[in-house]
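Undergrad: Quick one: the structure is below, and I'll ask about it shortly.
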């Protein structure tokens, strides 16, 4: 049976892991718990994991190269977070240790909290409750509705997508900005792109049509949906000093029709 180390302290284990998850982990192997006041890290983590095959790590416990070099028995390292930013993956690979992370299980709860806070601010719920608890009568104030309001979503990852979905369910006008987002999965289609490239050198005029075609191919846009303008600053600013190139783009998205 595999020996599994859970690095969470009792407090973090209760708040971020829970008895149900712990029972599931125990069904997979012999679980060794951290009973100290803080999550294990550094030499304390190495010492605790010497007789373990797997480490299930709290998100704040780093896994540097020396950890993998010191644990020849270790087979896998799981970080309880949606990324592996504090794990030396190259060192783990050299040591033959599999590194993985948790799935994003908190998307719904965080997204719902966003709307709870928006409703609180729009209606003054906390403000009125604090006034009442202070022994005063809250003043009646005009609240605001989410329906018809504009919701700006910065970043279109798992949480951003869910927030946008809930915003539309509340009849809000949803605006999203994320340079890396793929909008087709959210039910939108590219209508057109209007872009401008500002450069002193090289002269881009002769290449404009080829650039339009390349942009359209990268975006999967149809013919005529990309309009590219090229210009200069007449030797003004960093572009005019030939220190760089600037680019601006406006993209129109439309709700894709069913079956399109």
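We did not get these values from a lab; they are worked out from the coordinates using the rules stated. Remember, predicted model here, so these are calculated numbers, not experimental data. As a convention, Cβ positions derive from the backbone with ideal geometry for all residues, glycine included, and neighbour counts pool all protein chains shown.
Undergrad: At what distance in nm do the modelled label points of residue 113 and residue 227 sit from each other, each positioned 7 Å from its Cα along Cα→Cβ?
TA: 4.4
Undergrad: With 26 Å as the cut-off, how large is the P(r) tail for the chain, expressed as percent of Cα-Cα pairs? List each step's numbers first, then the result.
TA: On the way: 21951 of 33670 pairs.
When every Cα pair of the chain is considered, 65 percent fall beyond 26 Å.
Undergrad: How far is helix 208-219 tilted, in degrees, relative to the longest principal axis of the Cα atoms in the chain, given as a value from 0 to 90 rounded to the nearest 10?
TA: Roughly 30 degrees, rounded to the nearest 10.
Undergrad: Taking the Cα atoms of the stretch 194-260 alone, what are Rg (to one decimal) and Dmax (as a whole number) in Å?
TA: Looking at the stretch 194-260, its Cα Rg and Dmax stand at 14.7, 50 Å.
Undergrad: Further question: Expressed as an acute angle from 0 to 90° and rounded to the nearest 10, what is the orientation of the C-alpha long axis of helix 158-169 relative to the principal long axis of the chain?
TA: That works out to roughly 60 degrees.
Undergrad: Which percent, nearest 5, of DSSP beta bridges in the stretch 187-260 are antiparallel?
TA: On the way: 10 of 16 bridges.
Here the share of antiparallel DSSP bridges comes out near 60 percent.
Undergrad: Tell me what the chain gives for mean residue ellipticity at 222 nm when only DSSP H runs of n ≥ 4 count, each as -39,500 (n - 2.57), the sum divided by the residue total, rounded to 500 deg cm²/dmol.
TA: On the way: 10 runs with 89 residues, N = 260.
One gets -9500 deg cm²/dmol as the mean residue ellipticity at 222 nm.
Undergrad: Just to confirm the number: angle between the C-alpha axis of helix 107-123 and the first principal axis of the chain, 0 to 90 degrees, nearest 10?
TA: It is inclined by approximately 70 degrees.
Undergrad: Of all DSSP beta bridges in the chain, what percent run antiparallel (nearest 5)?
TA: Rounded to the nearest five, the antiparallel share is 25 percent.
Undergrad: So between residue 93 and residue 158, what do we pick up on full extension, going 0.36 nm a residue minus the alpha carbon distance? Mind dumping the intermediate values first?
TA: Details: separation 65, 0.36 × 65 = 23.40 nm, distance 2.80 nm.
Full-extension gain reported as 20.6 nm.
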